[in-house]
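K.L.:
Have a look at the structure that comes next, please.
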Amino acid sequence: MEKSKEELDKEILLVAEKIKALRLKAGFTSYETFAFTNDINRVQYYRIEKGQNITLKTLIKVLKIHNLTLQEFFKDLE
């Protein structure tokens, strides 16, 4: 069954919130500092944390910074 736009938006925000939580857990209070330190465009990283559309390549890059696989990242996301 196809998910509604609202359901998809909710799931996207869960991903964005988890990425932000990973940044905070890593000790970065500023998304800009995190982006600069890890060679990610700060505007692009801002969009990631706001739940805007990103590529899988970017998601994998961010997860690699946190030493996580896709499987580890998504296993408890609900």
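K.L.:
Compute the distance in nm between two label points, each set 7 Å from the Cα along the Cα-to-Cβ direction, one at residue 53 and one at residue 38.
P.N.:
With each label placed 7 Å out from Cα toward Cβ, I get 2.3 nm.
K.L.:
Can I ask one more? For helix 5-25, report the angle its Cα long axis makes with the longest principal axis of the Cα atoms of the chain; keep it between 0 and 90° and round to the nearest 10°.
P.N.:
On a 0 to 90 degree scale, this one is about 20.
K.L.:
Sticking with this one: For the range 1-40, how big is Rg over Rh, using alpha carbon atoms and the Kirkwood form of Rh?
P.N.:
Details: Rg = 13.7 Å, Rh = 11.6 Å.
Taking Rh as the inverse mean 1/r over Cα pairs, Rg/Rh reads 1.19.
K.L.:
Right, something else. Over 21 Å between Cα atoms: which of 5/61; 5/64; 5/75; 20/64 fall into that group?
P.N.:
5/61; 5/64; 5/75
K.L.:
Angle check, please: helix 56-65 long axis (alpha carbons) against the longest principal axis of the chain (alpha carbons), in degrees 0 to 90, nearest 10.
P.N.:
50
K.L.:
While we're here: If you average 1/r across every pair of different Cα atoms in the chain and take the reciprocal, what Kirkwood value do you get, in Å?
P.N.:
Working: mean 1/r = 0.0771 Å⁻¹.
Here the Kirkwood hydrodynamic radius works out to 13.0 Å.
K.L.:
Carbon and sulfur atoms: what percent of the 1.4 Å accessible area of the chain do they account for? Before the final figure, lay out the partial values.
P.N.:
Working: 3280 of 6010 Å².
Solvent-exposed carbon and sulfur of the chain make up 55 percent of the total.
The values are calculated or read from the model by the stated rules, or taken from the named source; none is laboratory data. Please read these numbers as outputs of a predicted model, since none were measured by experiment. Virtual Cβ from ideal backbone geometry, glycine too; neighbours counted across all protein chains shown. Only protein heavy atoms, including side chains, enter the accessible area calculation; ligands, DNA and RNA are left aside. Shrake-Rupley method; radii C 1.70, N 1.55, O 1.52, S 1.80 Å.
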